[in-house]
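Structure first, then comments.
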Amino acid sequence: MLSIIIALIVTGFVTMFVLKGYKAQAILMAGGIVLMIAAMLIGQDLPLPESASTGSQWLDVFQFIKNTFSSQSAGLGLKIMPLPVLLFTCMRLALLNPSFAC
């Protein structure tokens, strides 16, 4: 129950700062770090395998972020690259055939 309360409080602060106009990426990252540290303080473990652990729970938070970024960045690039080609093809088809709907 304590973890749910902490998550709701952090979500409220993150929402407040994003709506105030702060950089969403920085606020979301800070909120995630706060949640991971809070989980560690109430006795939850990070989903980090023992082989990837740094030996310090405090540094494992940043090791988990590093592992997540390195595994997600390549997949994100491969998802984004085809979008301009798809958009260009759709616009070209719409220009050639006005009844075509993208």
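The values are calculated or read from the model by the stated rules, or taken from the named source; none is laboratory data. Everything numeric in this text was worked out from a predicted model, so none of it was measured. So basically every Cβ, Gly included, is an ideal-geometry build from the backbone, and we count neighbours across all protein chains shown. Keep in mind that these areas ignore ligands, DNA and RNA; they rest on the heavy atoms of the full protein, side chains included. Shrake-Rupley method; radii C 1.70, N 1.55, O 1.52, S 1.80 Å.
Structural remarks
- Output for region 46-70, where each listed residue is exposed (fewer than 13 other Cβ atoms within 10 Å of the Cβ) and small (G, A, S): S51, A52, G55, S56, S70
- Pairs with Cβ under 9 Å, 6+ apart, first in region 59-71 and closer than 13 Å to L35 by Cβ, second open to solvent by less than 40 Å² (accessible area, probe 1.4 Å) and in a helix (DSSP H, G or I): V61/I33; V61/M36; V61/M40; F64/M36; F64/A52; I65/G32; I65/I33; I65/M36
- Residue count for region 1-45, restricted to those that are open to solvent by 90 Å² or more (accessible area, probe 1.4 Å), touching a residue at least 24 places away in the same chain (Cβ under 8 Å) and within 21 Å of L59 (Cα to Cα): 1
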